[in-house]
Amino acid sequence: MDFSFTDEQELLLDNARRFVAERYDFAARKQILASADGYSVGVWKELADLGFLALNVP
């Protein structure tokens with residue numbers, strides 16, 4: 001059985017890593033969680049724009 005990632009899966013992984021490193025690091029998450037809302041509309045919009053909210057994950 002081959003458990004290696006497909007090219008699409010590798011691209012998804014790279015995009016997720018890049019997003020977290022550049023836009024959602026530990027300090028950013030801590031600040032967002034401490035905010036009055038406890039979440040960031042901007043972060044959710046970026047995740048949607050990147051297609052993460054439309055993933056079909058089994």
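Every number in this text was worked out from the coordinates using simple rules, so none of it is lab data. Since the structure is predicted, the reported quantities are computational estimates derived from the model, not experimental observations.
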Please give the length that would be gained between Gln31 and Asp14 if that part of the chain were fully extended, namely 0.36 nm times their separation in residues minus their C-alpha to C-alpha distance (nm, one decimal). 3.7 nm
Given springs between every Cα pair under 10 Å in a Gaussian network model of the chain, which of Asp25, Asp14, Asp37 has the largest fluctuation? Asp37
Here D for the chain, in µm²/s, from Stokes-Einstein with a Kirkwood Rh over Cα pairs at 20 °C and 1.002 mPa s, works out to 165
